[in-house]
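The values are calculated or read from the model by the stated rules, or taken from the named source; none is laboratory data. Note that this is a predicted model, so its numbers are computed, not measured. Using ideal geometry, Cβ is built from the backbone for each residue, glycine included, and neighbour counts are taken over all protein chains shown.
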Protein chains: 2
Amino acid sequence: MGARVELLEIVECSPPLMREPLDAEQAAGVARVFKALGDPARLRILSIVASRAGGEVCVCDITGAFELSQPTISHHLKVLKEVGLLTSERRASWVYYRLVPEALGELSALIDMPAAV
Amino acid sequence: MGARVELLEIVECSPPLMREPLDAEQAAGVARVFKALGDPARLRILSIVASRAGGEVCVCDITGAFELSQPTISHHLKVLKEVGLLTSERRASWVYYRLVPEALGELSALIDMPAAV
DNA sequence: TCGCGGCTTTGATGTGTGTCAATATAGAGC
DNA sequence: GCTCTATATTGACACACATCAAAGCCGCGA
């Protein structure tokens, strides 16, 4: 679990791309998150979770939206969770995934432009 | 060249992740851009170009900042260019790379949150 | 036109990754 | 305990990718 926290800290502490160059460590941390977003299935999964009204999505809801096998969906969810974009909670037989809004927010701030042209 | 324009259009036309789920085509287009950002070397290259005052960077300036071979740098530049994040222009013996601010802006808007909690 | 410096392309190679089938785990209910 | 359902893990495999050396290309100056 500690690894996820560290990773989020790296993203938080990295300056906007347009402010100053990233050093190697910052780049490595941020790249992990972008790499997680660099797969169509994971992007769709994330958008399903992010746009869900209640904020929570059961794995079975996701599996039904794809033609991918259930283990593959589970793998993608794990990747998104490992980089700190999602959290999961088990309740009864089901596992519910939830967005970590700060993670997306930090990432957005990182690549956003300082308004000045 | 047409391919880059199409890709940028996909990113532009995709709703914010928190608004509604991406369809397969949107996800594929957006994922290409994130995948390009999902490499530490490319992230550093992009931040070097983005943070450069004049907005322009010569390839030789980038090569000096890494321990990677020059062909490898050239490869990463090509990837960033193919997804529409950079443009290049040859002047005399040198090739200058430049950020495409709209691309980063659209991407930022895509993952940004609608302020409401 | 010849060579040279800056950059790109090609070819080869080892490593990473998305996918699935099979198996394992965990909880609920009987 | 046993079984059924929901999810995760493992193992295997094909494919993609980051990297480098070598070769090619393109302006420029001599």
A:E67 fails exactly one of the following numbered conditions: (1) at pLDDT 90 or above; (2) under 28 Å from B:E25 (Cα atoms); (3) more than 9 Å from DNA strand D (Cβ to nearest atom); (4) under 18 Å from the mean Cα position of the chain (by Cα). What is the number of that condition? (4)
Are any residues in segment B:58-102 touching a helix residue (DSSP H, G or I) at 6+ places or on another chain (Cβ under 8 Å), under 23 Å from A:D23 (Cβ atoms) and part of a strand (DSSP E or B), and if so, which ones? B:L86, B:Y97, B:R98, B:L99
Can you tell me which of (1) surrounded by 16 or more Cβ atoms within 10 Å (Cβ to Cβ); (2) near DNA strand C (Cβ under 8 Å from one of its atoms); (3) within 19 Å of A:A24 (Cα to Cα) is the one B:Y97 doesn't meet? (3)
Just one of A:L85, A:L37 is within 28 Å of B:L80 (Cα to Cα) and within 13 Å of DNA strand C (Cβ to nearest atom); which is it? A:L37
Against the condition modelled with pLDDT of 95 or more, closer than 29 Å to B:L80 by Cβ and within 11 Å of DNA strand C (Cβ to nearest atom), how does A:L80 come out, does it pass? yes
Only one of B:A92, B:A36, B:A41 that is touching a Ser or Thr at 6+ places or on another chain (Cβ under 8 Å) and near DNA strand D (Cβ under 10 Å from one of its atoms): B:A41
Give the residues of segment A:6-46 that are of a type in the set (A, V, I, L, M, F, W, C), assigned to a helix (DSSP H, G or I) and farther than 26 Å from A:S88 by Cβ, sorted by residue number. A:A24, A:A27
Among A:G54, A:G105, the single one that is under 21 Å from B:M113 (Cα atoms) and in a loop (DSSP other than H, G, I, E, B) is A:G54
Would you confirm, using the coordinates I've provided, whether A:V59 is more than 13 Å from chain B (Cβ to nearest Cβ) and at pLDDT below 95? no
